[in-house]
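Visitor: Please see the structure below; I have some questions.
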């Protein structure tokens with residue numbers, strides 16, 4: 001079950017647009033704040049925030065769907 | 001702020017990427033909103049799975065330098081770093097807690113097993129001692145039985161005397177093996193500081209010889225085995241007196257409890 005769950009998350013990650021995945025990685029593994037990510041990627045803060053929120057919601061939804 | 005907006009903040013918070021203001025507002029809101037709290041938990045779970053499945057990207061050189069610089073700055077920077085790394089830190093803390101719990105559980109298991117082994121060893125030792133005691137008892141009974149069953153066995157009856165008329169005893173004497181088994185019946189319980197002593201009166205010696213010291217049970221009965229009997233000469237009589245605890249070299253009185261002639 002755990003491996004299937006892991007597989008589902010991996011698949012969901014693969015399905016994320018590159019920009020959303022990058023934003024999540026920078027936040028999660030580098031611990032960067034929204035503004036720091038925006039600065040790093042030279043994108044507006046609102047755009048970065050939206051990408052991260054959309055990416056997390058897709059991951060959550062995929063996980064919920066897998067469990068149901 | 002709407003629930004959707006709080007939910008969006010919750011998504012960022014799970015990543016440790018929410019701003020301080022957003023974080024404060026979210027915490028306040030979560031106190032009273034079950035649906036947003038549930039959303040926050042779901043995002044937190046998704047973030048945990050991220051930790052397992054995303055390949056960490058190496059930090060760029062400038063970020064590494066920034067971290068090294070921050071180490072030398074005071075408490076304010078530490079607080080800021082905590083905020084930055086607060087997201088990843090919570091799952092690290094969770095992992096560490098889980099590890100410690102598992103380690104503690106394992107230690108507990110080892111201690112319980114050690115206690116169990118210790119208890120088992122004590123039980124084995126106790127059983128070995130009991131086995132030894134029963135083996136010795138069995139050998140004694142076998143010896144007594146062979147003394148009783150031998151065709152050469154002679155019996156001598158001892159009758160109760162004036163101090164204890166209802167008492168009696170039976171001696172099973174096996175001359176070839178120079179041993180005897182004596183059963184005593186209805187003797188009064190001896191005081192704690194006294195013992196009964198069996199005496200053999202021989203034809204070749206004027207003084208009685210001790211054949212054994214014994215105590216009686218609450219029923220007044222007792223059994224003793226006598227080895228190395230002086231059967232080369234005639235046994236004229238046997239008698240029992242009450243003496244000091246542990247016995248004496250010669251009888252100190254003539255108050256015989258049981259007595260019989262051979």
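The values are calculated or read from the model by the stated rules, or taken from the named source; none is laboratory data. This is a predicted model, so every value here is computed, not measured. Neighbour counts run over all protein chains shown; Cβ positions are idealised from the backbone, glycine included.
Visitor: Within region A:16-33, does at least one residue satisfy the condition of being in a helix (DSSP H, G or I), surrounded by fewer than 19 Cβ atoms within 10 Å (Cβ to Cβ), modelled with pLDDT of 80 or more and more than 10 Å from every other protein chain (Cβ to nearest Cβ)?
Guide: yes
Visitor: When you go through (1) modelled with pLDDT under 80; (2) within 11 Å of another protein chain (Cβ to nearest Cβ) one by one for residue B:19, which number turns out not to apply?
Guide: (1)
Residue by residue, here is whether (1) touching a strand residue (DSSP E or B) at 6+ places or on another chain (Cβ under 6 Å); (2) in a strand (DSSP E or B) holds:
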{"site": "B:166", "(1), (2)": "yes, no"}
{"site": "B:211", "(1), (2)": "yes, yes"}
{"site": "B:220", "(1), (2)": "no, no"}
{"site": "B:242", "(1), (2)": "yes, yes"}
{"site": "B:260", "(1), (2)": "yes, yes"}
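Visitor: Next question, about the same structure. It is to be established whether one or more residues within region A:48-61 are within 12 Å of the chain's Cα centre (by Cα) and more than 10 Å from chain B (Cβ to nearest Cβ).
Guide: yes
Visitor: Looking at region B:26-54, I want the residues that are more than 10 Å from every other protein chain (Cβ to nearest Cβ) and surrounded by 18 or more Cβ atoms within 10 Å (Cβ to Cβ) and have a partner that is modelled with pLDDT of 85 or more and part of a loop (DSSP other than H, G, I, E, B) with Cβ atoms under 9 Å, at least 6 apart or on another chain. Which pairs are those?
Guide: Sorted first by the residue in region B:26-54, then by its partner, the list stays empty.
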